[in-house]
Amino acid sequence: MHFMKKTIFILLFTFIFVCPNIYALDFGNNITISDNSIGSYNSWYSDREDQEVEPGCVGNQTWDLEGFFLNDFKLTTVGGFDFKQGEEGYTSGDIFIDTDLDAIYGLDGKYKDSLSGNGQKQYFYDYGYEYAVDLDFNNLTYKVYEIDKTYNSLISVYYRQNDGSNPWRYNPQQNQDPIYMGSISYYENLSDSTTGLLGGNHNAFTIDLSFLPENTEFIAHFTIGCGNDNLMGQGIAHAPEPATLFLLGTGMIGLAVITRKRTSFKRD
């Protein structure tokens with residue numbers, strides 16, 4: 001019995017102290033691509049996205065989108081922007097996912113055409129994305145759609161001068177079914193030390209990309225309604241490491257054993 005208690009204690013110590021990122025707030029690796037690395041913005045600011053917005057736009061923390069982070073299949077978006085409530089009437093857009101790595105910035109979008117049901121040509125932009133994550137911050141849920149590129153399904157930002165931030169939101173076809181649904185984890189008033197970013201106050205939300213096959217490399221995009229700032233990120237969606245799952249499982253088993261023995265002791 002003494003040996004069993006000692007073993008459980010060691011497992012719990014390892015679970016809590018050696019692997020704190022299992023239960024602590026850990027967004028993973030910063031996978032943000034700075035504007036300095038992409039397209040027509042390659043001379044704007046320097047090689048950073050934190051404390052930077054688009055050319056000629058409002059530069060304070062409230063309007064700043066700061067980074068994409070990836071932890072296995074968990075994609076987190078961080079910014080000073082209030083993703084839930086928006087700012088001055090401008091709200092969050094959707095997250096767009098490109099899996100064949102040909103995503104491009106707004107003004108450089110490929111101008112395409114197609115025939116509508118009445119035989120008329122419709123013209124629209126294709127920015128290279130395969131999936132749209134339709135975010136619902138009122139209910140903290142999201143739906144994932146395969147982007148229908150046969151009609152004008154992408155909604156642009158409000159200001160034409162910020163077209164480089166496109167696309168903003170996805171407009172699914174009537175009766176189009178999502179391929180995946182999930183819950184949003186939302187975080188408010190995070191510190192610089194928690195996020196590793198500057199600005200003093202940060203908000204964040206996390207979604208699950210497990211609708212992608214394991215080890216899929218992808219590019220992600222997000223912006224807000226006015227296009228004041230936008231984010232691009234590139235990463236590989238991994239399943240959790242086996243060692244992490246093992247420690248998590250053994251830790252939970254240990255907690256269950258201790259709880260059961262305490263309950264049994266009280267009954268006796």
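Since every read-out is calculated from the coordinates, none of them should be taken as a lab result. None of the values given here were measured: they were computed from a predicted structure. Cβ: placed from backbone, ideal geometry, glycine included. Neighbour counts: every protein chain shown.
Side notes on the structure shown:
- Each other residue within a Cβ distance under 12 Å of residue 128 adds +1 if Lys or Arg and -1 if Asp or Glu, for a net charge of -3.
- Sorting 221, 202, 238 by the number of Cβ atoms found within 10 Å of their own Cβ, with the fewest placed first, yields 238, 202, 221.
- Gyration tensor verdict on segment 31-237 (Cα atoms; rounded if a/c is under 1.5, prolate if a/b is larger than b/c, oblate otherwise): prolate
- Packing-based exposure ordering (other Cβ within 10 Å, fewest first) of 133, 58: 58, 133
- A Cβ-based charge dipole, computed about the Cα centre of segment 31-237 with Lys and Arg at +1 and Asp and Glu at -1, lands at about 500 debye.
- Fewest-first ranking of 96, 124, using other Cβ atoms within 10 Å as the exposure measure: 124, 96
- Each other residue within a Cβ distance under 13 Å of residue 162 adds +1 if Lys or Arg and -1 if Asp or Glu, for a net charge of -3.
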